[in-house]
Amino acid sequence: MGSGSVIKAASRTEHVRYAVRDIVVYAQEVAKSGKEMLYLNIGDPNVYDFTTPQPLIDAAYKAMMDNKCGYSPSSGIPQAIESIERYAASKGISNIQDIFVTTGGSEGIELLLTSLLEEGENILTPAPGYPLYTAVIAKLKAVENPYYLDESNDWQPSVEDIRSKINHKTRAIVLINPNNPTGSNYSRELLLDVIKLAKENGLVIIADEIYDKLLFDGQEHISIASLDPECPVVTFNGLAKNYVGPGWRIGWGIVSGPRDQLADLIDAVNKLLRARLCANHPLQFAIPAALDGDDAHLPEMMKKLHSRRDLTYTMMNQIDGISCVKPGGAFYAFPKLEIDENDNTFIKALIKETGVVVVPGDGFGQVPGTKHFRIVFLPPEDVLKRAYNQIGEFMAKNR
């Protein structure tokens, strides 16, 4: 290789996509024209009128002042591990084999998938679903194996579709519950059916429950790991959404199920945990402050989100050519578009003309032939109304 030769990137990055932030690159170009931008694309509550609870800030600050600024144990500080274990028990999760604290739930998910998947193997991921999973799968040169959520049934997973997708190279089933991007909350019956499938086929369930406290209309969240202590489950959660701390990058994983089935996977995950040293040490002290606290911030947070959910649902369904299932949790909606072009082309035109930034449905996966977009309804209602009116006007002009 001579001087001036192109430094080629590794082929493993070729198919990595992350729609939530990829669309921002296009929006930034539009913003240069001076157009006012209304960003409804990233689920970051701190950008809007939500703040991290003071007890968490106090706990992290005290840890820093107490010089807890060196490395922590690779799996996390004992106080955090014990608090997570208590929280898991309160959700009904038992037969816990390991708990580890990570740099956000995202790192935990990536470490688990890296420990689990060989090249060419697959895991079942929901479509629509969070694009982190497919990005990591692409990096690992594993195979994307989507199963479809049923829009006509409040975006519940289709057990029949999951069953039909399982093959000899399938290693796990991912459940995002409450779901990003649809806001659906899964029923007990559905969860029991997924457990049955997993046990029959020797699969691990990866339960992403990062929104488990953000539910509407008095709904209950059920942790799938609580329904069968003999089913191998890795449950992920963190401080990002329930506790309004996405930039703190503090998450955790809870491994539950039979020890003899999980020992090798646990060992592999811990090798990777040790290799990257630790998660942010002082911020881990916020975990007990959060999980053992009184959740005093949640009533006001949910009051705002409930009102913004209702506004989103009502205004989207008033627009000709758009229909929207009412979200049961989280802070996302996933409206359906009746348009001729693909949703990526449509959304780029929307951004260019109106400045309203949403994410095309093809970045999350969807039933072939359908077209959607994701809305983050975190902004105040006046911002949402302006954005939704502009979406309606754009639809009327361009449909």
- [ ] Kindly provide the set of residues from segment 2-48 that are assigned to a loop (DSSP other than H, G, I, E, B), of a type in the set (D, E, K, R) and either modelled with pLDDT under 80 or surrounded by 13 or more Cβ atoms within 10 Å (Cβ to Cβ) (or both), ordered by number.
- [x] E14, R17, K35, D44
TODO: Filter segment 354-399 for residues that are in contact with a Leu (Cβ under 8 Å, 6 or more places away or on another chain), not in a helix (DSSP H, G or I) and not hydrophobic (A, V, I, L, M, F, W, C) and give the result.
DONE: G355, K371, H372, P379
Open item on the list: Which count do you get for residues in segment 65-88 that are within 17 Å of R249 (Cβ to Cβ), surrounded by 14 or more Cβ atoms within 10 Å (Cβ to Cβ) and not polar (S, T, N, Q)?
Closed with: 5
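Per-residue answers, yes or no, for (1) touching a Ser or Thr at 6+ places or on another chain (Cβ under 6 Å); (2) of a type in the set (A, V, I, L, M, F, W, C); (3) free of Cβ contacts under 8 Å to residues at least 60 places away in the same chain:
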| position | (1), (2), (3) |
| --- | --- |
| A198 | no, yes, yes |
| E220 | no, no, yes |
| A225 | yes, yes, no |
| A240 | no, yes, no |
Task: Selected residue [part of a helix (DSSP H, G or I) and modelled with pLDDT of 95 or more] from K196, K241 - done: K196
- [ ] May I ask you to list pairs of residues, at least six apart or on different chains, whose Cβ atoms are under 8 Å apart, with the first in segment 153-173 being small (G, A, S) and the second being assigned to a helix (DSSP H, G or I)?
- [x] A172/L116
Task: All positions within segment 288-316 that are in a loop (DSSP other than H, G, I, E, B) and either touching a Pro at 6+ places or on another chain (Cβ under 8 Å) or more than 30 Å from D382 (Cα to Cα) (or both) - done: D292, G293, D294, A296, H297
Open item on the list: If I go through segment 255-285 residue by residue, how many of them are buried (at least 21 other Cβ atoms within 10 Å of the Cβ), over 30 Å from K199 (Cα atoms) and touching a strand residue (DSSP E or B) at 6+ places or on another chain (Cβ under 7 Å)?
Closed with: 3
Open item on the list: Out of D66, D22, I need the residue that is acidic (D, E) and under 27 Å from A296 (Cα atoms). Which one?
Closed with: D66
Task: Residues satisfying the stated conditions in segment 199-231, i.e. over 19 Å from R163 (Cα atoms), part of a helix (DSSP H, G or I) and among the aliphatic types (A, V, I, L, M) - done: A225, L227
Task: Candidates G76, G108 - the one that is assigned to a loop (DSSP other than H, G, I, E, B) and in the same structural domain as E220 (by TED's automatic domain parsing) - done: G76
Task: Residues located in segment 106-147, provided they are of a type in the set (K, R) and either closer than 25 Å to G43 by Cα or buried (at least 20 other Cβ atoms within 10 Å of the Cβ) (or both) - done: K139
- [ ] Go through segment 323-353 and give me each residue that's touching a residue at least 60 places away in the same chain (Cβ under 8 Å), under 26 Å from E36 (Cα atoms) and either in a helix (DSSP H, G or I) or within 24 Å of the chain's Cα centre (by Cα) (or both).
- [x] F331, Y332, A333, F334, K336, I347, K348, I351, K352
- [ ] Output the residues belonging to segment 374-390 that are crowded, with 23+ Cβ neighbours inside 10 Å and either β-branched (V, I, T) or more than 16 Å from the chain's Cα centre (by Cα) (or both).
- [x] I375, V376, A387, Y388
Open item on the list: Just to be sure before I move on: is L272 part of a loop (DSSP other than H, G, I, E, B), in the same structural domain as K91 (by TED's automatic domain parsing), touching a residue at least 40 places away in the same chain (Cβ under 8 Å) and of a type in the set (A, V, I, L, M) in the structure I sent?
Closed with: no
Open item on the list: With in the same structural domain as D154 (by TED's automatic domain parsing), in a strand (DSSP E or B) and modelled with pLDDT of 95 or more as the only criterion, which of F285, F236 stands out?
Closed with: F236
Task: Cβ pairs under 7 Å, 6+ apart, first in segment 244-268 and not assigned by TED's automatic domain parsing to the domain that holds S106, second crowded, with 20+ Cβ neighbours inside 10 Å and not acidic (D, E) - done: none
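The values are calculated or read from the model by the stated rules, or taken from the named source; none is laboratory data. Here the structure is a predicted model, which means the values were calculated and not measured. When we count neighbours, we look across all protein chains shown, and the Cβ atoms used for this are built from the backbone with ideal geometry, even at glycine.
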